[in-house]
């Protein structure tokens with residue numbers, strides 16, 4: 001079940017096209033540090049197919065966030081290649097990013113926070129207002145559109161940031177430990193909600209976590225990275241039917257996946 | 001708690017009661033201070049040219065006096081004009097300069113040291129020079145008010161524009177936001193609390209500037225009254241001027257604080273986590 005960078009293999013849920021949405025080859029990132037070089041990201045290679053939910057797990061400091069920022073164009077890469085199929089999506093406009101922190105602008109009401117990408121991309125704000133309301137309903141925040149961020153709880157704030165990442169209809173959503181700061185109960189709710197949103201909106205998601213259960217529950221494929229100097233250990237395909245219920249976690253198969261990932265992370 | 005219909009009203013009443021509970025003590029202290037002053041002057045028979053009672057100062061403001069007949073409306077208007085225009089000019093130029101400095105590090109590195117140098121000059125000491133160059137008048141005093149008060153605005157605004165989490169900028173950078181968008185959507189709104197604290201300092205300093213300008217040379221304004229009343233040893237008009245000056249300074253401070261509440265309502269919302 002461990003697959004090295006795949007060549008158009010299809011997995012359980014739905015037959016993927018041969019074309020990759022995003023293809024990363026030998027990506028490397030080096031930061032200068034007091035005259036020396038700090039390897040933030042050793043050679044990483046993997047492909048992402050349209051509609052896939054790919055999770056990257058690894059210990060803290062293994063360069064997961066760096067990887068995501070390079071994909072988003074927030075950091076320049078040092079070596080390697082990122083190939084984007086521009087026929088499928090425009091990497092400058094059709095990306096959504098959910099950060100570790102909610103990062104809401106506290107001077108804007110919830111609705112205007114959700115509409116921020118529309119303003120930046122200079123799209124018609126009026127046209128997207130009703131869509132923003134729909135997004136807020138989708139993340140369970142109907143009726144909070146006029147609240148200010150500091151009137152919301154942490155979980156609610158993170159859900160606003162999810163709505164904001166989805167408003168401009170991105171094809172690819174990058175999520176950097178979005179639920180890391182949430183309590184376990186809210187986190188499970190958010191996992192279910194994210195699965196629902198993802199299957200309703202047919203997005204491609206690259207998701208970062210260091211929570212193994214979350215990774216197995218959400219993903220079509222889990223990419224495992226090692227501690228620094230970070231490299232890619234391998235990838236595991238998760239073959240559970242969708243939509244998945246929380247009970248799937250009690251199945252022996254779920255446990256097997258988790259054990260496999262723990263072994264790859266060298267936690268035994 | 002009452003039912004929904006009365007909720008808004010009772011909340012409003014509660015707010016008013018809270019405001020009174022919070023402020024009545026300070027009002028009492030101010031009133032008490034003036035009463036103590038009034039009666040100690042009478043009891044201890046302090047001569048008026050040393051310390052007049054506050055009632056005498058008020059009398060001079062509202063009732064024409066034979067010995068010191070000043071055209072109060074004209075003088076008050078002049079000082080208020082200098083003070084308020086000085087404040088507005090300082091606010092606009094100070095915030096504008098700070099934006100330019102943060103926008104372009106090159107300009108900042110070139111120009112800011114000169115500004116620091118100018119700011120470290122005691123403005124009172126160069127006021128006579130300014131007068132020499134520009135002559136009497138409202139423009140001179142506005143310029144002095146500006147020189148006295150612009151630096152806190154520039155520094156506070158710059159600090160606000162710079163004190164921003166990188167993540168917050170990444171938030172729109174990944175959508176290829178332009179530098180202008182970064183300023184308008186993130187940096188400037190984020191700096192509002194800093195801008196307002198700069199403006200509050202500026203509101204009390206620009207009246208100092210206006211009065212200093214009038215001290216050096218002028219033929220009208222409250223600073224002029226203070227200087228000319230000093231020559232005739234008639235102290236009540238000096239105290240009348242001081243009362244008006246402090247009211248004006250406090251008034252503008254209050255206006256800035258009110259504007260802050262109106263422009264940044266989010267900062268005054270209580271957190272309701274749950």
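Output the 0 to 90 degree angle, nearest 10, between the alpha-carbon long axis of helix A:252-264 and the longest principal axis computed from the alpha carbons of chain A.
On a 0 to 90 degree scale, this one is about 70.
Taking the Cβ of each residue in A:256, A:52 as the centre, tally the other Cβ atoms inside 10 Å and list the residues starting with the fewest.
In increasing order of surrounding Cβ atoms, one gets A:256, A:52.
Rounded to the nearest 5, what % of DSSP beta bridges with both residues in the protein assembly as shown are antiparallel?
Values: 20 of 38 bridges.
About 55 percent, rounded to the nearest 5.
Quickly estimate the mean residue ellipticity at 222 nm for chain B, helices only: each DSSP H run with n ≥ 4 gives -39500 (n - 2.57), and the total goes over all residues, rounded to 500.
Details: 10 runs with 210 residues, N = 274.
Taking each H run of at least 4 residues, the total per residue is -26500 deg cm²/dmol.
Where does the stretch B:49-165 land on the Kirkwood hydrodynamic radius, alpha-carbon pairs, in angstrom? List each step's numbers first, then the result.
On the way: mean 1/r = 0.0583 Å⁻¹.
17.1 Å is the Kirkwood radius here.
What span do the alpha-carbon atoms of the stretch A:103-169 cover on each of the three principal axes, reported in whole Å from largest to smallest?
Rounded to whole Å, the extents work out to 30, 22, 17 Å.
For the stretch A:13-149, rounded, prolate or oblate, judged on the Cα gyration tensor with a ≥ b ≥ c (square roots of eigenvalues), a/c < 1.5 rounded, else prolate if a/b > b/c? Can you show the working numbers first?
Details: a/c = 2.22, a/b = 1.54, b/c = 1.44.
Prolate, since a/c reaches 1.5 and a/b exceeds b/c.
Using the alpha carbon gyration tensor of chain A, what are the three equivalent-ellipsoid semi-axes (square root of 5 times each eigenvalue), largest first, in whole Å?
On the way: eigenvalues 167, 99, 71 Å².
Gyration-tensor ellipsoid for chain A: 29, 22, 19 Å.
Per DSSP H run of n ≥ 4, the term is -39500 (n - 2.57); total these for chain A, divide by its residue number, and report the mean residue ellipticity at 222 nm rounded to 500 deg cm²/dmol. Show your work: numbers first, answer last.
Details: 8 runs with 84 residues, N = 268.
Taking each H run of at least 4 residues, the total per residue is -9500 deg cm²/dmol.
Specify the inter-centroid distance of the stretch B:101-151 and the stretch A:199-249, based on alpha-carbon positions, in whole Å.
61 Å
Determine the shape class of the stretch B:19-62: with a ≥ b ≥ c the square roots of the Cα gyration tensor eigenvalues, call it rounded for a/c under 1.5, and otherwise prolate if a/b is greater than b/c, oblate otherwise. Numbers along the way, then the final one.
On the way: a/c = 4.59, a/b = 2.00, b/c = 2.29.
Because a/c hits 1.5 or more and a/b fails to exceed b/c, the stretch B:19-62 counts as oblate.
Take residue B:263 and residue A:169, extend 7 Å from each Cα along the Cα→Cβ direction, and tell me the distance between the two endpoints in nm.
Here the modelled spin labels are 3.8 nm apart.
Taking chain B as the reference, fit the longest principal axis to its C-alpha atoms, fit the long axis of helix B:105-120 to the helix C-alpha atoms, and give the angle between the two in degrees, 0 to 90, nearest 10.
So the inclination is approximately 20 degrees.
Take the Cα of residue B:176, step 7 Å along the line toward its Cβ, and report every residue of the stretch A:81-100 whose backbone nitrogen sits under 18 Å from that point.
Counting backbone N atoms under 18 Å from the label point, the list is A:82-97.
Mind checking the full-extension length gain between residue B:204 and residue B:164? Use 0.36 nm per residue of separation minus the Cα-Cα distance, one decimal, nm. Before the final figure, lay out the partial values.
Values: separation 40, 0.36 × 40 = 14.40 nm, distance 2.79 nm.
11.6 nm is the gain from fully extending residue B:204 to residue B:164.
Would you work out if the protein assembly as shown is rounded, prolate or oblate? Take a ≥ b ≥ c from the square roots of the eigenvalues of the alpha-carbon gyration tensor; rounded if a/c is under 1.5, else prolate when a/b is larger than b/c, oblate otherwise. Provide the component values of the computation, followed by the final result.
Working: a/c = 3.49, a/b = 2.33, b/c = 1.50.
In terms of gyration-tensor shape, prolate.
On a 0 to 90° scale, report how tilted helix B:72-103 is relative to the longest principal axis of chain B, with both axes built from alpha carbons and the result rounded to the nearest 10.
20 degrees
Per residue, how much space in cubic angstrom lies within the convex hull of the C-alpha atoms of the stretch B:57-268? All intermediate terms of the calculation are to be shown ahead of the outcome.
On the way: hull volume 26.9 nm³, N = 212.
In the stretch B:57-268, the Cα convex hull volume per residue is 127 Å³.
What does the structure give for A:74-84 when I average, per residue, the other chain Cβ atoms found within 10 Å of the residue Cβ? It would help to have the intermediate numbers written out before the result.
On the way: counts 7, 1, 0, 0, 0, 0, 0, 0, 0, 0, 0.
If you average over the peptide's residues, the count of other-chain Cβ atoms is 1.
No lab work stands behind these numbers, since they all come straight from the coordinates. Treat the numbers as computed from the prediction; the structure is a model and nothing was measured. Note: ideal-geometry Cβ built from the backbone for every residue, glycine included; neighbour counts use all protein chains shown.
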